[in-house]
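Below is one structure, written out as structure tokens; comments come after it.
The values are calculated or read from the model by the stated rules, or taken from the named source; none is laboratory data. Since this is a predicted model, take the numbers as computed values, not measurements. Neighbour counts are summed over all protein chains in view; Cβ atoms, including those assigned to glycine, are modelled from backbone coordinates with ideal geometry.
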Amino acid sequence: DTGVSQDPRHKITKRGQNVTFRCDPISEHNRLYWYRQTLGQGPEFLTYFQNEAQLEKSRLLSDRFSAERPKGSFSTLEIQRTEQGDSAMYLCASSSRTGTNEKLFFGSGTQLSVL
Amino acid sequence: AQSVTQLDSQVPVFEEAPVELRCNYSSSVSVYLFWYVQYPNQGLQLLLKYLSGSTLVKGINGFEAEFNKSQTSFHLRKPSVHISDTAEYFCATYNQGGKLIFGQGTELSVKP
């Protein structure tokens, strides 16, 4: 399978705990995106990387959230001191081209439930 | 600022009937528009996109969309739906920062 993979598929945690998600993009893709999707809403942009550099962060990304892409390949998204409002689907996407002809390939997401 | 609005949150339809999922956009600059589909427990998949040129865009799985500048719309259509088309559909565009932003989604439910 050469698509975008995310791990875990589901995560249930208690409020106040830290969680970390992983995304493995398509191997030759240099751009990697994180989105968050809540029930009944479309995905919302959180942050993106060009290779290992994090080039943009949305205002949605509070300082409890941190993302890394240490070697320009896989990426991790960590949420510290989780809150119930963090419950959502976290989607990762990757692409290899920029500009208007960019095509994003999405993973299946990590569903986070904060109790 | 660029944005898209999907006018229907849910669209129930019978198998083999035609369907139209509505999307209106708001933009003061060049418009690039997309439709994505999300099947249950799967990631988003690109159905079709409008960048320029012909206003009628054909995508995968028999879907098409028409860019209408005067009505600022980009509605998605299929002449005859199948049970397997049951999914969430998202209209999308680029924001000013060049990031993909999505509408609220339309849940298409195809009944036998």
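Number of residues in the stretch A:12-49 that are assigned to a strand (DSSP E or B) and under 14 Å from the mean Cα position of the chain (by Cα): the value is 19.
You will find that of B:Gly62, B:Gly43, B:Gly98, the residue that is of a type in the set (Gly, Ala, Ser) and touching a Lys or Arg at 6+ places or on another chain (Cβ under 7 Å) is B:Gly62 and no other. Screening B:Thr55, B:Thr93 for residues that are within 11 Å of the chain's Cα centre (by Cα) and hydroxyl-bearing (Ser, Thr, Tyr) leaves exactly one candidate, B:Thr93.
Can you name every residue in the stretch A:64-97 that is within 16 Å of B:Leu46 (Cα to Cα), hydroxyl-bearing (Ser, Thr, Tyr) and touching a Gly at 6+ places or on another chain (Cβ under 9 Å)?
Keep residues of the stretch A:64-97 that are within 16 Å of B:Leu46 (Cα to Cα), which gives A:91-97.
Now narrow it down to the ones that are hydroxyl-bearing (Ser, Thr, Tyr): A:94-96.
Passing the criteria: only A:Ser94.
Each residue in the stretch B:1-37 was checked for being polar (S, T, N, Q) and free of Cβ contacts under 8 Å to residues at least 60 places away in the same chain, and 4 of them qualify. For the structure I just gave you, tell me whether A:Leu77 is assigned to a strand (DSSP E or B), among the aliphatic types (A, V, I, L, M) and modelled with pLDDT of 95 or more. Yes, satisfied.
State which residue is nearest to the other protein chains (Cβ to nearest Cβ) when the search covers only the stretch A:45-68 and only residues that are of a type in the set (D, E, K, R) and within 19 Å of B:Gly97 (Cβ to Cβ).
Step one: list which residues in the stretch A:45-68 are of a type in the set (D, E, K, R), which gives A:52, A:56-57, A:59, A:63-64, A:68.
Now restrict to residues that are within 19 Å of B:Gly97 (Cβ to Cβ): A:56-57, A:59.
Values: A:Glu56: 7, A:Lys57: 11, A:Arg59: 12 Å.
Among those that are of a type in the set (D, E, K, R) and within 19 Å of B:Gly97 (Cβ to Cβ), it is A:Glu56.
Scanning for something more than 11 Å from every other protein chain (Cβ to nearest Cβ), among the hydroxyl-bearing types (Ser, Thr, Tyr) and surrounded by 14 or more Cβ atoms within 10 Å (Cβ to Cβ), does the stretch A:77-89 turn up at least one residue?
Among the residues of the stretch A:77-89, at least one is more than 11 Å from every other protein chain (Cβ to nearest Cβ), among the hydroxyl-bearing types (Ser, Thr, Tyr) and surrounded by 14 or more Cβ atoms within 10 Å (Cβ to Cβ), which makes the answer yes.
In the stretch B:80-112, the qualifying residues are those that are in a loop (DSSP other than H, G, I, E, B) and among the β-branched types (Val, Ile, Thr), and the one that is farthest from the other protein chains (Cβ to nearest Cβ) is B:Val81.
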